[in-house]
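What follows is calculated from the coordinates using simple rules that are stated; it is not laboratory data. As the structure is a computational prediction, the values presented were derived from the model and not from experiment. Heads up, the Cβs are rebuilt from the backbone with ideal geometry, glycines too, and the neighbour counts pull from every protein chain shown.
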Amino acid sequence: MAPTIRPFPLGVSDARPYAVVIFLTRHRPFMRSNSRRRHRRSSVKQQIVALEQALEQAQHLLHQDDLTPLLNRRGFRRACDQWADGDVKDASACCVMVDLDGFKAINDRHGHPVGDAALIHFATTLRRHMRPTDTIARLGGDEFALILSNCSGSDARKMLERLRGALAVTPLPASDSTVFLRFSAGIAERHGDESLAQALERADAALLDAKRQSKATVSLGVPPARSVDGATANACGQQIASACTPTNADSREGD
């Protein structure tokens, strides 16, 4: 489209009109197009931010337990991998396996809604009495796993005793009574070049020992042997996923 040219008099009676206003009509579509591009860029940026936030939320839900404020089994496995991939050769840590006592009886007597409330109450209390840097997960059912960095076996036992005391003074209200939650636990202090998988296996064995002794017991795992043959060490290193998911969990369910 050609530009529109129209004379415009200055309004001075004794002067000849000489001013001309040129309306650059062909530039108007360009200005509108430029504005639309800026709007599209802004819209795309907003969409990218929204997608990044949605992805972050999806990642969080993928590794978060759907009932309690803890990691789930997948999240715990990822935490194990991250811990093992870090510079942890000389890092001290304790692995703890925890199992609620009499959980099946709670479900049978009060129903599954109270059972779910019991799991939430225990997990919330557990999280509140551990440190922010501690890794805590619900592996499934009434079984929980912890990785306590820079922590000795005696320190871990003290933490669990504080947890036991907190549960004793905050029972869970039910329709016809109150429910006192108790637990058994196994502790394994990581030694030297021992892998996290091996320490988790020892903690699981200590938990089994605690359940055999009596309910509401905390057992400290037997220290690892000084030497382990190469085949056994390699097998343990390859089983970190199963160590994060103890194979004896089914045999304890409902204890």
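Brief remarks on what is shown
- Karplus-derived HN-Hα couplings along region 211-224 (A = 6.51, B = -1.76, C = 1.60, θ = phi - 60°), whole Hz, x at Gly and Pro: 5, 6, 5, 5, 6, 6, 10, 10, 10, 8, x, 5, x, x
- Packing, taken as the mean count of other beta carbons within 10 Å per residue, orders the peptides 215-222, 41-48 from highest to lowest as 215-222, 41-48.
- Couplings for region 128-143, taken from phi via the Karplus curve 6.51 cos²θ - 1.76 cosθ + 1.60 with θ = phi - 60°, read 5, 9, 9, 7, x, 7, 6, 8, 10, 9, 9, 6, x, x, 10, 10 Hz in order; Gly and Pro are left as x.
- For Gly221, nonlocal amide neighbours, meaning residues 5 or more places apart or on other chains whose placed amide H falls under 5 Å from its own, are Ile187, Ala188, Glu189.
- R0 of 25 Å, Cβ-Cβ distance Phe180-Asp209: FRET efficiency to nearest 0.05: 0.60
- Residue-wise HN-Hα coupling along region 159-169, computed from phi with Karplus coefficients 6.51, -1.76, 1.60 (Hz; x: Gly, Pro): 4, 5, 5, 5, 4, 4, x, 5, 5, 5, 9
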